[in-house]
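Notes to accompany the following structure.
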Amino acid sequence: MNKEVKDFAVQKTKELMEAGSCSREAKAAAQAWLDALGTEHEAQETEKYIKELEGDIMPIDLLIAFAESEGGVQVFGAEKAPQVAAHGKEIKAAGAKYCDCPACAAVEAILEKKEELLK
């Protein structure tokens with residue numbers, strides 16, 4: 001991968017790790033990838049990292065369905081869950097494919113460079 005793409009991915013990875021909505025698994029995969037940069041394990045860790053990110057990003061329809069479920073109420077709270085669902089519907093109508101929380105936004109940006117990262 002070229003330096004520009006790598007620098008971009010490192011920046012977005014750090015944003016991902018700082019996001020309160022970042023899963024424990026994504027944070028661990030991100031750190032493992034950062035630790036592997038410049039080593040013989042870089043390509044292998046890049047593949048593992050991409051797989052983790054693809055599994056963690058929240059498609060907008062799942063976000064809406066979750067926010068409208070009992071589980072969503074438990075996670076977001078009775079007042080916030082309907083707001084999250086409404087926001088999800090709003091950004092979906094505007095063309096969003098994924099949740100726009102800080103973690104998902106960072107993941108989406110990284111995945112847009114997937115092919116270049118895997119070179």
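Once the other residues with Cβ under 14 Å from the Cβ of Ser69 are scored (Lys, Arg +1; Asp, Glu -1), what is the net sum?
Combined, the nearby Lys, Arg, Asp and Glu give -2.
Considering Cα pairs under 8 angstrom that are at least six residues apart, work out the relative contact order of region 60-119 and quote it in whole percent.
The value is 32 percent.
Residues with amide H under 5 Å of Tyr98's amide H, sequence separation 5 or more or different chain, H placed in the peptide plane at 1.01 Å from N; which?
Excluding prolines and chain starts, which carry no amide H, the hits are Ile60.
From the backbone phi of region 31-37, what are the Karplus-calculated ³J(HN,Hα) couplings (6.51 cos²θ - 1.76 cosθ + 1.60, θ = phi - 60°) in whole Hz, Gly and Pro given as x?
In residue order, the calculated couplings are 5, 4, 5, 4, 5, 8, 4 Hz.
So, by mean Cβ neighbours within 10 angstrom, what's the order for 17-26, 64-73 with the highest one leading? Intermediate results must be reported in sequence, preceding the final value.
Details: 17-26: 14.3, 64-73: 16.5.
Answer by packing, highest mean first, reads 64-73, 17-26.
How far, in degrees from 0 to 90, does helix 80-93 lean away from the longest principal axis of the Cα atoms of the chain, to the nearest 10?
For helix 80-93, the angle is close to 70 degrees.
Leaving ligands, DNA and RNA out of it, report the carbon-plus-sulfur percent of the accessible area of the chain at a 1.4 Å probe.
51
Along each of the three principal axes of the Cα atoms of the chain, give the extent in whole Å, ordering the values from largest to smallest.
Principal-axis extents of the chain (Cα, largest first): 48, 27, 19 Å.
Using Cα-Cα distances under 8 Å and only pairs 6 or more residues apart, what relative contact order does region 8-75 have, in percent?
Over region 8-75, the number comes to 24 percent.
Taking the highest mean first, how do the peptides 43-51, 103-111 order by number of other beta carbon atoms within 10 angstrom per residue? Before the final figure, lay out each step's value.
Working: 43-51: 16.0, 103-111: 21.6.
So the peptides 43-51, 103-111, ranked by packing, come out 103-111, 43-51.
Express the relative contact order of the chain as a whole percentage, based on alpha carbon pairs under 8 Å and six or more residues apart in sequence.
41
So what's the back-of-envelope 222 nm ellipticity for the chain, counting only DSSP H runs of four-plus at -39500 (n - 2.57) apiece and dividing by all residues, rounded to 500?
My calculation for the chain gives -22000 deg cm²/dmol from helical runs alone.
Over the chain, with a Gaussian network built from C-alpha contacts below 10 Å, which listed residue (Leu34, Leu16, Leu62) shows the highest mean-square fluctuation?
Taking springs between Cα atoms under 10 Å, the residue moving most is Leu62.
The values are calculated or read from the model by the stated rules, or taken from the named source; none is laboratory data. What you see is a predicted model, and the numbers here were worked out from it, not measured in a lab. A quick note on method: Cβ atoms are made from the backbone with ideal geometry, for glycine too, and the neighbour counts reach across all protein chains shown. Surface accessibility is based on the protein's heavy atoms, side chains included, excluding ligands, DNA and RNA. Shrake-Rupley method; radii C 1.70, N 1.55, O 1.52, S 1.80 Å.
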